[in-house]
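As structure tokens, the structure follows; a few thoughts come after it.
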Amino acid sequence: MIDQLFEPHFVKKLFKFGIVGGIATAIHIGMVAVLVELVHLSAVVATFPAYILALLWSYTLNQRWTFKAKGHYSDFLPKFLVVYFIGLLACTAIMYICEQLHIHYQIGLLITVIVVPIYNFLLNHFWVFRHNETVA
């Protein structure tokens, strides 16, 4: 498994995942900021719709472009949703802790954009799309 980390196709997937994830992160951060600053929702509440919108982007592009998954969506969608649901819980917990400690929500966002994407890529690569991928 460690050997895979240095193979060219792994690095290429990581790069593609980074692009998709970077845009998903921008969608998430942008939506949280809009909902907090303009709609005056708490950062905890704003995290949910922002994360779902980013999830839709991420699922579509990662399935079709990053991992080039073959087969019916039911082959990998349940696992993908488990991974992202756990990520949502992590994002929400981080935002809740920051809110309780009176730490600005942007610090919470920074923590989530570091921790959650690493976790998401590894599980997507080694579990969600493992049996359905082709060498990119």
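Search the range 84-131 for residues being modelled with pLDDT of 90 or more and part of a loop (DSSP other than H, G, I, E, B), and hand back the single one that is nearest to Thr60 (Cα to Cα).
The qualifying residue nearest to Thr60 (Cα to Cα) is His104.
So Lys70 clears everything in (1) part of a helix (DSSP H, G or I); (2) closer than 23 Å to Pro8 by Cβ except one condition, right? Which one?
Evaluating Lys70 over (1) part of a helix (DSSP H, G or I); (2) closer than 23 Å to Pro8 by Cβ leaves (1) as the failure.
Of all residues in the range 64-83, count the ones that are at pLDDT below 90 and within 13 Å of the chain's Cα centre (by Cα).
So the count comes out to 0.
What are the residues in the range 84-115 that are farther than 14 Å from Ile52 by Cβ and under 12 Å from the mean Cα position of the chain (by Cα), if any? Full working, then the answer.
Looking only at the range 84-115, we keep the residues that are farther than 14 Å from Ile52 by Cβ, and these are 86, 90, 93-115.
Those that are farther than 14 Å from Ile52 by Cβ and under 12 Å from the mean Cα position of the chain (by Cα): Ile86, Ala90, Thr112, Val113, Ile114, Val115.
With respect to the numbered conditions (1) assigned to a helix (DSSP H, G or I); (2) within 14 Å of His125 (Cα to Cα); (3) aliphatic (A, V, I, L, M), which one is the sole condition not fulfilled by Ile29?
Against the list (1) assigned to a helix (DSSP H, G or I); (2) within 14 Å of His125 (Cα to Cα); (3) aliphatic (A, V, I, L, M), Ile29 comes up short only on (2).
Would you point out which residue out of Leu55, Leu110, Leu35 is more than 27 Å from Pro8 (Cβ to Cβ) and surrounded by fewer than 18 Cβ atoms within 10 Å (Cβ to Cβ)?
Details: Leu55 fails: surrounded by fewer than 18 Cβ atoms within 10 Å (Cβ to Cβ); Leu35 fails: surrounded by fewer than 18 Cβ atoms within 10 Å (Cβ to Cβ).
Testing whether each residue is more than 27 Å from Pro8 (Cβ to Cβ) and surrounded by fewer than 18 Cβ atoms within 10 Å (Cβ to Cβ) leaves just Leu110.
Can you go through Ala50, Ala69 and tell me which one is surrounded by 13 or more Cβ atoms within 10 Å (Cβ to Cβ) and touching a residue at least 60 places away in the same chain (Cβ under 8 Å)? Give the steps one after another, and end with the answer.
Details: Ala50 fails: touching a residue at least 60 places away in the same chain (Cβ under 8 Å).
Unique residue meeting the criteria: Ala69.
The values are calculated or read from the model by the stated rules, or taken from the named source; none is laboratory data. Bear in mind the structure is a predicted one, so any value in this text is a computation, not a measurement. Neighbour counts run over all protein chains shown; Cβ positions are idealised from the backbone, glycine included.
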